[in-house]
Each structure stands twice: as C-alpha cells, then as structure tokens.
Amino acid sequence: MTYIITHFFEGGTKSQYDALLEVAHPGGGLPEGQTYHGAGPTEGGWLVVAGWESKAHCDTFIADTLMPAIQSVTGGFDGPPQERAAELANEVMA
C-alpha cells in the first residue's frame with residue numbers, strides 16, 4: 001500500500017532545501033521506492049511531501065540517507081523535521 005509522508009522544517013528556506021536535496025536526491029532523481037516528491041515554502045518554514053511504494057522504503061531512506069544528510073550538509077536545515085505520515089486511504093489524480 002502507498003505510504004505518504006510530510007516533513008515540515010520550521011524556519012526552513014529554499015536555499016536550505018536545495019542544499020539538502022543535492023545530497024538526498026543526487027542527480028535530481030527519486031530514491032528507490034519513492035513515487036512522488038513535492039516541496040515549497042509555507043507559513044513558518046518549508047514543507048516537503050513524498051509518496052512511497054511502502055513504509056519500509058520510506059523508513060530505509062530516512063534512516064540511511066535523509067537523517068545523515070541533515071546532520072552533515074553545510075547550509076542545510078538546522079535539525080530534523082516535524083513529521084506526519086499515513087498509509088494512503090484515497091488518491092484522486094487528474
């Protein structure tokens with residue numbers, strides 16, 4: 001079942017996002033198991049939305065790629081995001 005997740009980086013900026021994205025998504029592609037990635041500014045920070053083939057794919061990416069990148073990227077976000085996630089119950093596409 002598809003798994004969806006949001007990450008909110010309080011006080012985050014586009015330049016911080018770009019620095020992290022360069023490491024977490026090298027070459028501009030999606031990591032294994034990710035089917036969707038969208039991001040943009042929102043009140044108070046930066047929001048990232050991702051769709052995954054499974055929770056296992058998402059968990060692996062977060063543990064092995066995202067969190068180490070957040071800790072090591074110069075010019076990136078200051079710390080881990082606020083996170084919300086769910087198994088997808090409904091999806092409507094154009």
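Throughout, read-outs are computed from the coordinates displayed, never taken from laboratory work. Computed from a predicted model, the values in this text were never measured in an experiment. Reconstructed Cβ throughout: ideal geometry from the backbone, glycine too, with neighbour counts over all protein chains shown.
See the values below:
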read-out: Estimated FRET transfer efficiency when R0 is 30 angstrom, pair LEU88-GLU10 (beta carbons, to 0.05); value: 0.75
read-out: The range 36-94 - percent relative contact order, Cα under 8 Å, separation 6 or more; value: 18 percent
read-out: Charged-residue dipole, Cβ positions (Lys, Arg, Asp, Glu), the range 28-94 about Cα centre, Debye nearest 20; value: 80 debye
read-out: Residue-count net charge about ALA86 - beta-carbon cut-off 15 Å; Lys, Arg +1, Asp, Glu -1; value: -3
read-out: Positive minus negative residues near THR6 (Lys, Arg vs Asp, Glu; Cβ under 12 Å); value: 0
read-out: Calculated [θ] (222 nm, deg cm²/dmol) that DSSP helices of n ≥ 4 give over the chain, each run adding -39,500 (n - 2.57); value: -7000 deg cm²/dmol
read-out: Gyration tensor verdict on the range 1-50 (Cα atoms; rounded if a/c is under 1.5, prolate if a/b is larger than b/c, oblate otherwise); value: oblate
read-out: Binned Cα-Cα distances of the chain, short to long, each 10 Å bin given as a whole percent; value: 16, 52, 29, 4
read-out: Proximal charge balance of GLY33 [Cβ under 15 Å; K/R count +1, D/E count -1]; value: -4
